[in-house]
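Notes follow the structure.
The values are calculated or read from the model by the stated rules, or taken from the named source; none is laboratory data. The model shown is predicted, which means the values in this text are computed figures rather than measured ones. Ideal geometry is used to build each Cβ from the backbone, glycine not excepted, and the neighbour counts take in all protein chains shown.
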């Protein structure tokens, strides 16, 4: 299981269009994801004081685009990166944050 933090508005847009694209896909070429033990650190580093957030629980085996684990030098950890759109069928649970 891997995870992604997004806003309720971005998720609603994904439901309307039939797939999810984080802003990082256009900017960096991939969607940032996390392993379970990395979620708290991601929230603390990038989402402080933000509201209306969701945590997407993603089943790796259901992804239709390439997934690569790559080192983030700033924190010296390997993170999962999705190189393409997130197909909605891979999201098996959504948790409000």
Could you list, ordered by first residue, the pairs with Cβ atoms under 6 Å in which the first is in segment 32-46 and under 16 Å from residue 82 (Cα atoms) and the second is part of a helix (DSSP H, G or I), at least 6 apart or interchain? 32/24; 34/42
All positions within segment 5-64 that are within 20 Å of residue 78 (Cα to Cα), loosely packed, with under 15 Cβ neighbours inside 10 Å and touching a helix residue (DSSP H, G or I) at 6+ places or on another chain (Cβ under 7 Å): 59
Looking at residue 74 and the list (1) modelled with pLDDT under 95; (2) surrounded by 11 or more Cβ atoms within 10 Å (Cβ to Cβ), which single condition is not satisfied? (2)
Looking at segment 18-40, which of its residues are out of contact with any strand residue (DSSP E or B) (no Cβ under 8 Å at 6 or more places or on another chain) and over 17 Å from residue 63 (Cα atoms)? 23, 26, 27, 28, 37, 40
